[in-house]
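Undergrad: Please read through the structure below; I'll follow up with questions.
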Amino acid sequence: MKEQHLLKQALRAVVSGQQRAAQDVHRPAWHLAPPVGLMNDPNGFIQFQQRYHLCYQWNPLACAHGAKFWGQWSSADLVHWRHEPLALAPAEEYESHGCYSGSAVDDNGVLTLLYTGNVKFSEGRTAWQCVARMNEHGEFAKQGPVLPLPEGYTGHVRDPKVWRHQGQWWMVLGAQDLNLQGKVLLLHSADLQNWTLKGEMAGSGLNGLGSFGYMWECPDLFHLDGQDILVVCPQGLAAQPYRYLNTFQSGWFSGELDYQTGRYHHGEFHELDHGFEFYAPQTTASNDGRRILIGWMGIPDQDEFFQPTLEYGWIHTMTCPRELSWRQGKLFQQPARELRQLRSDERTFSGAADSLPALDISSAELAIMVDGDFSASFGGTMQLTCDAMGLTLTRSNRRTGDIEQRYWLGEVTSLQILCDRSSVEIFINEGEAVMSARYFPGAAPQLRLAGEGGLMLHHWRLKGCVIE
Ligand code: FRU
């Protein structure tokens, strides 16, 4: 009964709100965004029988966090997407305050979701790790909880990411221990139903890390070119000069996981993105052997509700899909090659930044070879400066009006910049680092370049990509 009620409410919200949302000049032309309401983490990302499936944390009923649903899209090529049946609605007691984040696996030909049932009480909360399996109608049938709160942790245990390794299922879970330290738990199972806790594989106070946050969210573990990479979102890191400047962080460790002992020897934590908006990424393996990442271009509690799209009844977008590679001891990210099919109207310019014309960046891609200092104004609303120190991205805070800045330190030789109405994603030196940000210029924003540095620049318009 509750499920029917929730689905009717969601349908009403979409039917009555989608037209207004579509009129927003800030609505992306080719990034994924919710039809209405609030979207956050990517969930259940998988290439299953040729099609990619991507679900998302969704509150269709309001531009607010709350009892999350899972919306769902699918795509043959990571570029053209279609809406799929809503995957999960928070109808059951074990998920009364939200079907929280999780992942998807192919269980012998059955698309299977593992997610967190989030339950809040007047004081405190609990969490169940739950399973849902796709049925013959393409809908997810809930199997209920398979794992209660493990002993020794607060109610903050969530975001199962599951993969297969040597004939077993393995899971990483974000957790907070009773001393309020963030951890990643490692579990294994023969059947996705019965789970054994192997131990804490990483976290605050572990593996030589020192104090490193009160909660770790959205872990993801995968093998890439000889490395076991752990992507995770620690909460509670103090800001330092030039880093950890967002409310919460999202980053990676590389190392080696010993599946026998559950021990993970890893190096330092590195931020995945140096811009303003990036959080809760999830990766999947493509059938052709690539590791693809999609993140949420938003951060919880970081002035989210000062974004102007709220007036149009929707908020937040995903990042573009990114291909990961391991090079020179670093995790590189580049826009998925499939996105090149959106390019049209190529134009090439070269000369001092000062001498180049203003360029349309409403929906555009720029590839720039950089030789010297320059600056770029995005629609008069956000500035990028490039000098000997590296890159600085500057905008004024929408809540306070104060100037805020993000940095990448290092030598810049090339930039690839993807612009989509209210977002920019700046890929530095062929993916050595990325800066992602939302910004809210007027309609038809332009890029204005200045400075004496020499640039070789390609500009493409990017075709819009209607989500069916
Ligand atoms: C990360 C997160 C997850 C949680 C979800 C709830 O943004 O807080 O830890 O599962 O969002 O929407």
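The values are calculated or read from the model by the stated rules, or taken from the named source; none is laboratory data. Here the structure is a predicted model, which means the values were calculated and not measured. Cβ atoms come from the backbone with ideal geometry, glycine included; neighbour counts cover every protein chain shown.
Undergrad: Looking at Ile292 and the list (1) surrounded by 19 or more Cβ atoms within 10 Å (Cβ to Cβ); (2) assigned to a loop (DSSP other than H, G, I, E, B); (3) away from the ligand (no atom under 16 Å from the Cβ), which single condition is not satisfied?
TA: Unmet for Ile292, out of (1) surrounded by 19 or more Cβ atoms within 10 Å (Cβ to Cβ); (2) assigned to a loop (DSSP other than H, G, I, E, B); (3) away from the ligand (no atom under 16 Å from the Cβ): (2).
Undergrad: Which residue pairs have Cβ atoms under 9 Å apart, sit 6 or more places apart or on different chains, and have a first residue in the stretch 93-121 that is among the basic types (Lys, Arg) and a second that is surrounded by fewer than 24 Cβ atoms within 10 Å (Cβ to Cβ) and assigned to a strand (DSSP E or B)?
TA: Lys120/Thr126; Lys120/Gly155
Undergrad: How many residues does the stretch 418-468 contain that are part of a loop (DSSP other than H, G, I, E, B) and under 17 Å from Ala353 (Cα atoms)?
TA: Kept after step one, since they are part of a loop (DSSP other than H, G, I, E, B), are these residues of the stretch 418-468: 421-422, 429-432, 439-445, 451-453, 463-468.
Then drop every residue that is not under 17 Å from Ala353 (Cα atoms), which leaves 451-453.
So the count comes out to 3.
Undergrad: Considering (1) of a type outside the set (Ser, Thr, Tyr); (2) buried (at least 17 other Cβ atoms within 10 Å of the Cβ); (3) in a strand (DSSP E or B), say which one Asp345 fails and leave the rest.
TA: Unmet condition: (2).
Undergrad: Considering only the stretch 360-409, state which residues are buried (at least 20 other Cβ atoms within 10 Å of the Cβ), more than 24 Å from the chain's Cα centre (by Cα) and in a strand (DSSP E or B).
TA: Within the stretch 360-409, Ile368, Val370, Phe374, Ala376, Cys386 meet the criteria.
Undergrad: Given Leu187, Leu173, Leu178, Leu192, which one is of a type outside the set (Asp, Glu) and either under 16 Å from Ile229 (Cα atoms) or within 16 Å of the ligand (Cβ to nearest atom) (or both)?
TA: Numbers: Leu187 fails: either under 16 Å from Ile229 (Cα atoms) or within 16 Å of the ligand (Cβ to nearest atom) (or both); Leu178 fails: either under 16 Å from Ile229 (Cα atoms) or within 16 Å of the ligand (Cβ to nearest atom) (or both); Leu192 fails: either under 16 Å from Ile229 (Cα atoms) or within 16 Å of the ligand (Cβ to nearest atom) (or both).
After applying the criteria, what remains is Leu173.
Undergrad: Within the stretch 257-275, identify whether any single residue is out of contact with any Leu (no Cβ under 6 Å at 6 or more places or on another chain), of a type in the set (Phe, Trp, Tyr), under 30 Å from Gly442 (Cα atoms) and in a loop (DSSP other than H, G, I, E, B), and answer yes or no.
TA: Scanning the stretch 257-275, I find no residue that is out of contact with any Leu (no Cβ under 6 Å at 6 or more places or on another chain), of a type in the set (Phe, Trp, Tyr), under 30 Å from Gly442 (Cα atoms) and in a loop (DSSP other than H, G, I, E, B), so the answer is no.
Undergrad: May I pose another question? So if I check each of Leu197, Leu230, Leu221, which one is assigned to a strand (DSSP E or B) and either among the basic types (Lys, Arg) or under 16 Å from Cys130 (Cα atoms) (or both)?
TA: On the way: Leu230 fails: either among the basic types (Lys, Arg) or under 16 Å from Cys130 (Cα atoms) (or both); Leu221 fails: either among the basic types (Lys, Arg) or under 16 Å from Cys130 (Cα atoms) (or both).
Testing whether each residue is assigned to a strand (DSSP E or B) and either among the basic types (Lys, Arg) or under 16 Å from Cys130 (Cα atoms) (or both) leaves just Leu197.
Undergrad: With respect to Trp128, determine if the residue is in contact with a His (Cβ under 8 Å, 6 or more places away or on another chain) and under 16 Å from Gly102 (Cα atoms).
TA: Working: in contact with a His (Cβ under 8 Å, 6 or more places away or on another chain): no; under 16 Å from Gly102 (Cα atoms): yes.
Considered against the rule, which asks whether it is in contact with a His (Cβ under 8 Å, 6 or more places away or on another chain) and under 16 Å from Gly102 (Cα atoms), Trp128 comes out as no.
Undergrad: Another question about this same structure. Take the stretch 150-168 and flag every residue that is buried (at least 20 other Cβ atoms within 10 Å of the Cβ) and away from the ligand (no atom under 14 Å from the Cβ).
TA: Start the filter on the stretch 150-168 by keeping residues that are buried (at least 20 other Cβ atoms within 10 Å of the Cβ), which leaves 156-162.
Matches in the stretch 150-168: Val162 only.
Undergrad: Let me ask something else. Which one of these does Leu324 not meet: (1) within 16 Å of the ligand (Cβ to nearest atom); (2) in a strand (DSSP E or B)?
TA: With (1) within 16 Å of the ligand (Cβ to nearest atom); (2) in a strand (DSSP E or B) applied to Leu324, the lone miss is (1).
Undergrad: State which residue pairs qualify: first residue without any contact (Cβ under 8 Å) to a residue 12 or more places away in the chain and inside the stretch 207-234, second residue outside any loop (DSSP other than H, G, I, E, B) in any location, beta carbons under 8 Å apart, and separation of 6 or more residues or different chains.
TA: Final answer for the pair search is His223/Ile229.
Undergrad: Applying the selection to the stretch 348-359, what residues are within 32 Å of the chain's Cα centre (by Cα), in a strand (DSSP E or B) and within 20 Å of Gly379 (Cα to Cα)? Before you say what the answer is, go through the steps one by one.
TA: Of the stretch 348-359, the ones within 32 Å of the chain's Cα centre (by Cα) are 348, 358-359.
With the extra rule that they be in a strand (DSSP E or B), the set shrinks to 348, 359.
Matches in the stretch 348-359: Leu359 only.
Undergrad: Considering each residue of the stretch 53-82, count those that are within 16 Å of the ligand (Cβ to nearest atom) and either over 24 Å from Arg133 (Cβ atoms) or not polar (S, T, N, Q) (or both), and give that number. It would help to see each step written out before you state the result.
TA: Start the filter on the stretch 53-82 by keeping residues that are within 16 Å of the ligand (Cβ to nearest atom), which leaves 54-72.
If we keep only those that are either over 24 Å from Arg133 (Cβ atoms) or not polar (S, T, N, Q) (or both) as well, we get 54-56, 58-71.
Qualifying residue count for the region: 17.
Undergrad: Is it the case that the stretch 83-100 has a residue that's touching a helix residue (DSSP H, G or I) at 6+ places or on another chain (Cβ under 6 Å), hydrophobic (A, V, I, L, M, F, W, C), within 16 Å of the ligand (Cβ to nearest atom) and under 22 Å from His53 (Cα atoms)? Even if it seems obvious, please write down each step before you answer.
TA: If we filter the stretch 83-100 for residues that are touching a helix residue (DSSP H, G or I) at 6+ places or on another chain (Cβ under 6 Å), which is where we start, we get 89, 91.
Keeping just the survivors that are hydrophobic (A, V, I, L, M, F, W, C) gives 89, 91.
After this cut, where a residue has to be within 16 Å of the ligand (Cβ to nearest atom) as well, the list is 89.
Now narrow it down to the ones that are under 22 Å from His53 (Cα atoms): 89.
Yes, the conditions are met somewhere in the stretch 83-100.
Undergrad: Now for a different question. Would you confirm, using the coordinates I've provided, whether Gln249 is within 16 Å of the ligand (Cβ to nearest atom) and surrounded by 23 or more Cβ atoms within 10 Å (Cβ to Cβ)?
TA: Details: within 16 Å of the ligand (Cβ to nearest atom): yes; surrounded by 23 or more Cβ atoms within 10 Å (Cβ to Cβ): yes.
So Gln249 passes the test.
Undergrad: If you don't mind, there's one more thing I want to ask. So, in the stretch 222-240, how many residues would count as being of a type outside the set (Asp, Glu), under 25 Å from Glu323 (Cβ atoms) and more than 16 Å from the ligand (Cβ to nearest atom)? Quick ask: steps written out before the conclusion?
TA: Initially, the stretch 222-240 is screened for residues of a type outside the set (Asp, Glu), giving 222-224, 226-227, 229-240.
Within this subset, residues satisfying the condition of being under 25 Å from Glu323 (Cβ atoms) are 222-224, 226-227, 229-234.
With more than 16 Å from the ligand (Cβ to nearest atom) added as a condition, the list becomes 222-224, 226-227, 229.
The qualifying residues number 6.
Undergrad: Okay, next question. Can you name the residue in the stretch 276-289 that is away from the ligand (no atom under 16 Å from the Cβ) and part of a loop (DSSP other than H, G, I, E, B) and, of all such residues, is surrounded by the most Cβ atoms within 10 Å (Cβ to Cβ)? Outline the logic, then answer.
TA: Going through the stretch 276-289, the residues away from the ligand (no atom under 16 Å from the Cβ) turn out to be 284-289.
Checking the rest, the ones that are also part of a loop (DSSP other than H, G, I, E, B) come to 286-289.
On the way: Ser286: 16, Asn287: 10, Asp288: 6, Gly289: 6.
Out of the qualifying residues, it is Ser286.
Undergrad: Taking the criterion of being modelled with pLDDT under 95 and out of contact with any strand residue (DSSP E or B) (no Cβ under 8 Å at 6 or more places or on another chain), would at least one residue in the stretch 446-464 satisfy it? Break it down stepwise before answering.
TA: Step one: list which residues in the stretch 446-464 are modelled with pLDDT under 95, which gives 464.
Checking the rest, the ones that are also out of contact with any strand residue (DSSP E or B) (no Cβ under 8 Å at 6 or more places or on another chain) come to none.
Within the stretch 446-464, not a single residue is modelled with pLDDT under 95 and out of contact with any strand residue (DSSP E or B) (no Cβ under 8 Å at 6 or more places or on another chain).
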